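Here is the structure we will look at.
The values are calculated or read from the model by the stated rules, or taken from the named source; none is laboratory data. For clarity, every value in this text was computed on a predicted model and none was experimentally measured. Neighbour counts run over all protein chains shown; Cβ positions are idealised from the backbone, glycine included. In case anyone asks, the SASA skips ligands and DNA or RNA and just uses the protein heavy atoms, side chains included. Shrake-Rupley method; radii C 1.70, N 1.55, O 1.52, S 1.80 Å.
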Amino acid sequence: MRLNLHCHPLSWVTGVDEFWVSYSWEQGDSLCIKYVLKGSLDNLNVPSRVEPERADGLWKNTCFELFLRKSAEDGYCEFNFSPSGRWSAYQFSGHREGMTNLFLPKRPEIVLESSDVHITLDVTHYLPDSWRENILIAAFSAVIADKSGAKSYWALSHPPGKPDFHHKDGFAHQLKAADSI
């Protein structure tokens with residue numbers, strides 16, 4: 001399934017013609033996500049590849065994101081995937097409240113393919129068991145930075161006002177539980 005990401009109307013963007021995400025469950029064990037960005041992208045700031053490890057502050061540069069919540073709960077998780085191979089995972093009890101690091105059974109696998117006209121980020125993401133067994137509401141998003149430091153904010157859906165990927169209105173897509181595949 002292909003889901004188009006849209007630029008927030010208050011954020012600056014240059015050279016991006018198309019941005020979409022797709023996903024699938026692999027053997028009910030992992031969520032495979034593909035982010036595809038197309039256009040004249042030679043002005044984007046794409047972090048260089050480094051040793052893959054958990055890191056904070058990835059959203060300060062080009063970063064691909066996933067927010068998930070169980071359908072009947074206020075709490076949610078945030079996952080950040082950097083083209084550098086670094087990643088982060090957080091759990092929140094409510095809107096930007098009670099943030100803690102989220103334990104993952106295995107680190108995400110992040111593969112970048114890029115040129116001046118496209119970026120493809122493939123992520124194989126291993127969710128905790130309790131998350132794989134539920135119907136999940138997803139907010140796919142991204143921060144895209146250019147070489148001047150300007151950022152644009154991309155999501156399936158944006159709430160009114162300034163960019164806020166944590167807002168409940170951004171959770172716009174229902175994933176089937178992995179165990180039902």
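Would you please name the GluC sites (Glu not before Pro) within the stretch 1-69 that are DSSP coil residues with at most 13 other C-beta atoms within 10 Å of their C-beta?
Those that pass, being in a loop and sparsely packed, are Glu53.
The accessible surface of the stretch 1-130, taken with every protein chain in place and a 1.4 Å probe, is 46 percent carbon and sulfur. Since only Thr100, Ser148, Phe81 are under comparison, the one whose Cα sits farthest along the positive direction of the charge dipole of the stretch 46-181, derived from C-beta charges on Lys, Arg, Asp and Glu, is Ser148. In the chain, helices alone account for a calculated mean residue ellipticity at 222 nm of -500 deg cm²/dmol, with every DSSP H run of four or more residues adding -39,500 (n - 2.57). If only the Cβ of Lys and Arg carry +1 and only the Cβ of Asp and Glu carry -1, the dipole of the chain around its Cα centre is close to 220 debye.
Dipole magnitude for the stretch 51-147: about 140 debye, using +1 per Lys or Arg Cβ and -1 per Asp or Glu Cβ, origin at the Cα centre. Here the dipole of the stretch 122-181 is about 240 debye; that uses its Cα centre as origin and unit charges on the Cβ of Lys and Arg (positive) and Asp and Glu (negative). Less than 24 Å apart at the alpha-carbon level, and either on another chain or at least 8 residues along: which lysines does that give for Lys151? Qualifying lysines at Cα under 24 Å: Lys34, Lys38, Lys60, Lys162, Lys168. Accessible surface computed residue by residue for the stretch 20-157, with neighbouring protein chains in place and a 1.4 Å probe, gives 44 Å² per residue.
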